[in-house]
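Accompanying notes for the structure given below.
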Amino acid sequence: MMTRFQEARWGATVTVDSELTRLRGGDVEAVAAVMERYQHRLYRYLLRLLREPATAEDLFQQTWIKVMERIRSFDPSHSFEGWLFAMARNLAIDYLRRYRPESIDEPLPSGDSRAALLPASGPDVLSQLLAEERAAGLARSVSKLPLVFREVLTLRFEEEMRLEEIATVLALPLGTVKTRLHRALKQLRRSLETTSELTN
């Protein structure tokens, strides 16, 4: 007997599969349905990699153009989500190489974070304020990490991908993904401890 969660998940899988079948058949309405399903997660992923809302939006649109161009080459036996995120990642890496020829793994020379450019909403309750301060501190620490660590943390904890899916997106062996995730968490922990010591 299926649990409620399994039924909901199975139904979502069937819907995605039917939308992809329609998309591969040239149904334009299926593009909108698939895009609606992934738009927030994909944009958030690109924003984490690029730290520029306008650039993330441009590459988001380019990703969907590539999806429409290449959907017939998609192998349905593989994960569409992994294929989609890998395509977006490749566009982001190409952009970073083209427009930031220094090192894409290094933080900005000024030490500034582009996360400060993102709009913030003001909480009206003290507990919300404290939670947002902790989240902002975490976001600042994550934004200072090298790109290889930011992307694995984003895919694992924000996009809630399994390690196998992350390996597909990044085109890396599973062991390398595990190592990067471990090192990213270790470096993030050090960064948070240093920040905590400075504020105390």
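The values are calculated or read from the model by the stated rules, or taken from the named source; none is laboratory data. Please read these numbers as outputs of a predicted model, since none were measured by experiment. Every residue, glycine as well, gets a Cβ built from its backbone with ideal geometry; the counts of neighbours run over all protein chains shown.
Descriptive notes on the structure:
- GLN61 meets the conditions (1) loosely packed, with under 14 Cβ neighbours inside 10 Å; (2) at pLDDT 90 or above; (3) assigned by TED's automatic domain parsing to the domain that holds LEU181 in every case but one. The failed one is (3).
- Taken over region 151-183, residues that are over 21 Å from ARG41 (Cα atoms), touching a residue at least 24 places away in the same chain (Cβ under 8 Å) and either part of a loop (DSSP other than H, G, I, E, B) or touching a Lys or Arg at 6+ places or on another chain (Cβ under 7 Å) (or both) amount to 0.
- Filtered residues of region 22-57 (kept if touching a residue at least 24 places away in the same chain (Cβ under 8 Å) and hydroxyl-bearing (Ser, Thr, Tyr)): TYR38, TYR45, THR55
- Boolean, ARG51 is in contact with a Ser or Thr (Cβ under 7 Å, 6 or more places away or on another chain) and either under 26 Å from ARG150 (Cβ atoms) or surrounded by fewer than 15 Cβ atoms within 10 Å (Cβ to Cβ) (or both): yes
- Qualifying residue in region 143-165 (condition: of a type in the set (D, E, K, R), out of contact with any helix residue (DSSP H, G or I) (no Cβ under 8 Å at 6 or more places or on another chain) and modelled with pLDDT of 85 or more): yes
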